[in-house]
Each structure stands twice: as C-alpha cells, then as structure tokens.
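Q: Mind looking over this structure? Questions follow.
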Amino acid sequence: MPKEVAIIGVGYAGFRALTPEVSYKELMYEAAVKAYEDAGVDPRRDIESFVTVAEDFTEGTSIFDEYVPDQLGAVLKPVHTISGEGLHGFIAAYLQVLTGAMDIVAVEAHSKASNILTPDEIMAFAMDPVYNRPLRANPHFIAGLEMNRYLCETGTTREQCALVVAKNKHNALYNPLAAYGASIAVEDVLESEMVSYPLSRLDMSPRADGAIVMVLAARERAEELSDIPIWIRGVGWCNDSFSLENRDWTNAIYAARAAEMAYRMAGIRTPWQELDFAEIDDTFSYKELQHMEALRLCRPGEAGLLVEDGATEIGGEFPVNPSGGSLGMGHLLDASGLARLLEVVLQLRGEAGQHQLSDVETGLAFGWRGLPTTSGAAVILSN
Amino acid sequence: MTAKIKEFPGVGLRESDFTERKVLFTEWKPDARYAWDAGVAIGRYLAELKEGRIIGVRCHHCRRTVVPPRIFCEWCFRPMDEWVYLEDHGVVNTFSICYVQWDMERLEEPLIPAVIEIAGASKGVGILHLLGEVDPREVKIGMKVKAVWKPAAERIGAITDIRYFKPIN
C-alpha cells in the first residue's frame, strides 16, 4: 500500500435542505476556512493548486470555474474545475500531488440544489436528445428500470431496499451534519407514493445544500503538518457505455471496475475482510445494495440478505454508510461522493462523535454521478 | 477554386424544407430555471440599492474598500472588517459602445457599458453599469459620472434600481 499522499484537512458547511442565509460563495468560504484551519495551512501562502467540482447546468452559470477562486483563497493560483463526481475531482487533486507537481492541493465540491427550480429538467438534459428525450418521461424512470431488473435478477426485495432507507435515516439521527435523520419503518417506505415503479418516494435521497473542502499533501509535508494524516491508499474510476438501450441493468459494472482499480493499487484482495467499513453511493435505496455487490463487499445477490441480518448497521459486521449516506444526510449533487469520503476521514480520525465506529483502520468511499450516468469513482483511505 | 465554379450542383435548403420536415432533425428547448440565494453580502448590497445607496466593504489587512461587497477578502482570505457606504458617483475606468443586439442585429441607439470606479472605493474597484444621457462620441475614460436612480417606489433591490450613470462636470 503506497503512503505517498494524505488528507490533512477537512472542512464542511451546510448539509441542510435549504440554506437561504448564505450564497454559494459564502457556503464554500465557510467550508474552506475550516479545512485550512484544520490542515494548519494558509491558502494564500501554502496551497499550490486548487481543484473544484462543478457542473454548469446545476450552477446556472456557464464556465463556472471562473466563479470559484475568490472564496477559496485561490486568486492568481493554479485552478481548474472537474465536471464530474466529487471523487473524480478528489482523484485529480491526488494525482497532482502524486506526480510531484504540487506539494499541497485543495479540492472543493458543493451543492446549492435548493437554488435549482427545475432539477428534473436539468436531469433530463443529460439524456440523449434524439433517442430518449422526445418520450418526455421524467428521468427518474431510469432508476425504476434499473431497480426492477436488479430486483428481478438478484431476488432482492423491495422490503430489503426499504431496510436500507430505515438504516441510513436511523444512522443520520446520530450524525449532527445530517439533514434527514428519521426513525421510519419498512412499511413507511413501501407505502410512500410510487415515483417510478418499483421506486417509491422514500427510496430516493432528498436533495440538500452543502460544501466540502479537503486539503491534500505529499508525505513529508503531511507528516510535518498533521498529527493524524489520513493516507490515500487506492483510487479508481470508470465509465460504462451510456446507452439506455443496451447498458447492463443488473450490475453496476462501472462500480466494479472503479473498485478493482482502487483495490489493485491498495493491494486489497478480499475487500470485505480487509476493509473495516464503507461509505458508498445510496442515491436510491437499491443503489446501496447494487453497489455493495459491485464493490465486492459481498457476493452478488447477497447485499439484501446482509441488510436484513443487520450486518451493515453501525454495530454490524461491516457497517455501510454509518453517516446516514445520501438517504440520511441529503443528496449533495456532485458533492455527494466527497461527503461519503468526508465520513471516512472522520471515522478514521476517530472524530465521528456519536456514530463513531470502533477500531477502524481502512475505509472505502464510492461515488456515483447520478442519473442517467454509468460513471463512478472509488477512494480507499487508511489512518 | 470556388471562383471557377459558375453553378454549384444540388439544391439549397429552404425554410420550408424544415417546416415540412423534408429534412429530419430533433429540437429541444431547455427549461433551466434558477433562484440564487443572495446571502449576507449580496443581500445587503441589494437591500441598500433599494434604499438608493451603494454599499461596499473594507478589509483592514490590505486596506482595500471594494464593491460589490463580499464577506471575505479574496486577497487576504480573511473576513471583511466593516461595511462602508460609498458615493453614487465615480469615474469611468473603461467603456465600450455596443452597436449590436443579442442576435447581432444593429442597434439604432448603442448601449454604453462601462466600469465605474465608485468614489470611496479603492482605486481600480468599481461596478459595471450602463452610461446614459450622453452622446457616445463624448464618452471618455476618466469621465465623472453619477447614478440616475429609479424612483423609490419602483426600486426592487436589483442592480437595475440604478437606471444608468450620466456625466457630471
């Protein structure tokens, strides 16, 4: 396992359904100030490069990278924006340090989802304009198609998916950052209104606003600056073919390939034994199960049974989304993967508070770019 | 080479070829709507514009006074120290005379966008607005200009609460 680059600072702000009191710049500034203080660095003096994650259509501003330097302390410094998942941005920052080009790099991702008045229209804008969009179905049907096929092929049940929702919302009750903690029963999920069969309203993670900033450093600087550097052991990312007509509707192959790349780098052969916990995409309830299987945290078709057994609860054998995941914390658009990674950092530092896991050394974060994509990224960290 | 060709082969496309769908194509009209939270700095700026005032902020570290306001100094990366009311007049830093509409049609009356260094703000700091009540041929860099406000009842807390800036002697 390489020990070349570490996370030495994290900062975050928001994680609420609405944040009318601050602009997106002010939200980012709050997260950045905290991250730099946590890392013990002055951004104007010490940070050599900045990577931000943003998608113009969700910001409502073209060439959005022009709008980020001020609030990050990045004016007149190397800055670039990744239009991808938060973990894609994180990996870009990591690679800058790994190559030796930079010693200290900051990465930022945020969501002002509450400012988008037509979110489903923006989602539809990602669909093929010739083949798919003219049908004018709300793009959530894509999750319905996938959930249906996944349940059918693996024998996973809607009840097992509902258990994921109950677990994650329950975990969120113990996470002060989480916006959607709740004590709900399987029946509540099953009886909530159908959005696109078999996906119900409560199978979906509600959107939230928030910003996350992380500071990465090369080994020498990391050891000098931080008492508890969190080491990056493996990264991987992968895009499947996009087509709705002939993608694999059962298996998240993008997740499997992204994870294999990260496992290979980290020297991990049996992930469910060598990892202590995972924070993985749960944009929709079934996605947590499908991703668990793709990430080899269990055998294909077994994820539902593990949830039934309580194995993925905070006190279980292999906790999954102890933070509450997107179902419990809220979906932060492209910042979601970085929110998963933030929880891995806090757990490995022993700073997770009431939902702290005991004796954790290695954790996995996995982010999916959301509908209608087959795009994901994985990061493995250890303390 | 094309100069040698007197007559091009084929038939040109006409609008009717599209309307009668002889040419196949797909259209999509995006419905992308947003409502940005103004937050602390922009929120106060807009509220002050509604009152007919321009407000900026000052950083005690680099001693700059900037407008529009922000809660942090982008140079020093620290919180701004105080709100400062500024004058509603200033000096033209740079301007252009824009003769085209959005579809590149010619404008009868050109628009004159300008960066106006607001009195009370630091050198080189200004706001972007339009100039009015001025012959485009008379506009000069360094010219003194003053805000022409909408009547109080018409102001809504927007940059357009100032109609334009006009020259003063």
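Q: Could you work out which residue, out of A:PHE57, A:PHE90, A:PHE318, moves most in a Gaussian network model of chain A, that is, has the largest mean-square fluctuation with Cα springs under 10 Å?
A: A:PHE57
Q: Could you give the angle, 0 to 90 degrees to the nearest 10, between helix A:253-266's Cα long axis and the longest principal axis of the Cα atoms of chain A?
A: Its long axis makes an angle of about 40 degrees.
Q: Cross-link partners among aspartates and glutamates for B:LYS150, C-alpha distance below 20 Å, same-chain residues fewer than 8 apart left out?
A: Correct list for B:LYS150: B:GLU48, B:GLU51, B:GLU87, B:ASP88, B:GLU133, B:ASP161.
Q: Right, here's the next one. Roughly how tilted is helix A:336-349, in degrees to the nearest 10 and between 0 and 90, from the longest Cα axis of chain A?
A: The angle comes out at about 60 degrees.
Q: I would also like to ask the following. Could you state the number of Å between the C-alpha centres of region A:327-383 and region A:216-259?
A: 11
Q: Could you work out the helix-only [θ] at 222 nm for chain A, with each DSSP H run of four or more residues adding -39,500 (n - 2.57) and the total divided by the number of residues, to the nearest 500 deg cm²/dmol?
A: That comes out to -10500 deg cm²/dmol.
Q: Would you mind telling me which residue in A:THR156, A:THR19, A:THR99 has the biggest mean-square fluctuation in a Gaussian network model of chain A, where springs connect alpha carbons within a distance under 10 angstrom?
A: Looking only at A:THR156, A:THR19, A:THR99, the largest GNM fluctuation is found for A:THR99.
Q: To make sure I understand the rule: partners must be lysines, Cα under 29 Å from the Cα of B:LYS6, and not fewer than 8 residues away in the same chain. Which ones qualify?
A: Leaving aside lysines fewer than 8 places away in the same chain, those within reach of B:LYS6 are B:LYS22.
Q: Just report the Cα centroid separation between region A:263-298 and region A:55-128, whole Å.
A: Centre-to-centre (Cα) distance: 25 Å.
Q: In a Gaussian network model over chain B where Cα atoms closer than 10 Å are linked, find which of B:SER16, B:SER122, B:SER96 has the largest mean-square fluctuation.
A: With Cα springs under 10 Å in chain B, the top fluctuation among B:SER16, B:SER122, B:SER96 is at B:SER16.
Q: A follow-up question, please. With a 4.7 Å Cβ cut-off, tell me which Cys residues in chain B come up empty for a partner.
A: Lacking a cysteine Cβ partner under 4.7 Å: B:CYS62, B:CYS98.
Q: Per residue of A:17-23, how many C-beta atoms from partner chains lie within 10 Å of its own C-beta, taken as a mean? Present the calculation step by step, with values, prior to reporting the outcome.
A: Details: counts 0, 1, 2, 5, 5, 7, 10.
For this peptide, the per-residue mean of nearby foreign Cβ atoms is 4.
Q: Mean shadow of region B:39-167, computed from the convex hull of its alpha carbons, in nm²? Could the numbers behind the result be given before it?
A: Values: hull surface 35.1 nm².
Average projection, Cα convex hull of region B:39-167: 8.8 nm².
Q: Measure up A:LYS112/A:LYS169; A:LYS34/A:LYS167; A:LYS77/B:LYS144 against 27 Å on the Cα-Cα distance and list the ones that go over.
A: Beyond 27 Å: A:LYS34/A:LYS167; A:LYS77/B:LYS144.
Q: On a 0 to 90 degree scale, rounded to 10, what angle separates helix A:158-172 from the longest Cα axis of chain A?
A: The helix A:158-172 is inclined about 30 degrees to chain A.
Q: OK, next. Which residue, A:VAL107, A:PRO69, A:TYR131, has the largest displacement toward the positive end of the dipole of chain A when charges sit on each Cβ (Lys, Arg +1; Asp, Glu -1)?
A: A:TYR131
Q: Continuing with the same structure: Could you state the principal axis extents of the C-alpha atoms in the protein assembly as shown, from the largest down, to the nearest angstrom?
A: That works out to 81, 69, 55 Å along the principal axes.
Q: For peptide B:69-79, how many partner chain Cβ atoms fall within 10 Å of a residue's Cβ, on average?
A: 6
Q: Now, a different point. Among all the lysines, which ones have a C-alpha under 22 Å from B:LYS146's C-alpha, if same-chain residues fewer than 8 places away are not counted?
A: List returned: B:LYS50, B:LYS123, B:LYS166.
Q: Let me ask something else about it. Report the antiparallel proportion of the DSSP beta bridges in the protein assembly as shown as a percent, rounded to a multiple of 5.
A: About 80 percent, rounded to the nearest 5.
Only the coordinates and a few stated rules stand behind these numbers; no lab work does. Computed from a prediction, not measured in an experiment: that's the story for all the values here. No Cβ is skipped: glycine too gets one built from the backbone with ideal geometry, and neighbour counts run over all protein chains shown.
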